[in-house]
Amino acid sequence: MPLEPGLFRSGESTEEWRFAAQAARTPRELHTRDTQSALPARVFTRVDARMPTASAMEALAGQYHSDEVDMTFTVRMEDGRPRMRWQRQKSTVLEPAGGDRFVSDEVGTVTFTRAKSGQVDGLIISTTRVRRLRAERLPAPRAGKVQGR
């Protein structure tokens, strides 16, 4: 329901959505806030990155380890889609959101990071309970060798 130009509310919700207009009238940010809460507005920035190609997604496959939580995450391509799995969890599809950013109901946001060379060197996971958990990409095991982790 429009409240004023650029400001909306969904039905009887107490949450307001404000689209901040930028040059050329393109909404670049979304600010959401609960009118019944003293918490500051949450700001979401529009993703302009192109969706990854199939070959770009294939390059994400591998294992990633977080020393902070001593956990290894495995990313595999299945049916043309990246899937992520970790200890004691079923695998989940990572849906592309643009560039190196992916989303999943089970994981939240997964952003793959790159070294200066352009090679994927890790990932960052953010959920409602975890912010910016970093996992470093492990070297691919050599043929005939079993990986130690």
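Quick note: the coordinates plus some simple rules give every number you see, no bench work behind them. As the structure is a prediction and not an experimental result, all values here were calculated from the model. Positions of Cβ are backbone-derived with ideal geometry, glycine not excepted, and every protein chain shown enters the neighbour counts.
Structure summary
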{"read-out": "Overall dimensions of the chain as given by Cα atoms, namely Rg and Dmax in Å", "value": "19.0, 65"}
{"read-out": "Pair residue 38, residue 21: separation of 7 Å Cα→Cβ label points (nm)", "value": "3.4"}
{"read-out": "Descending Cα extents along the principal axes, the range 79-149, whole Å", "value": "38, 33, 27"}
{"read-out": "Cα-based radius of gyration of the range 64-118 once divided by 2.2 N^0.38 Å, which approximates compact folds", "value": "1.16"}
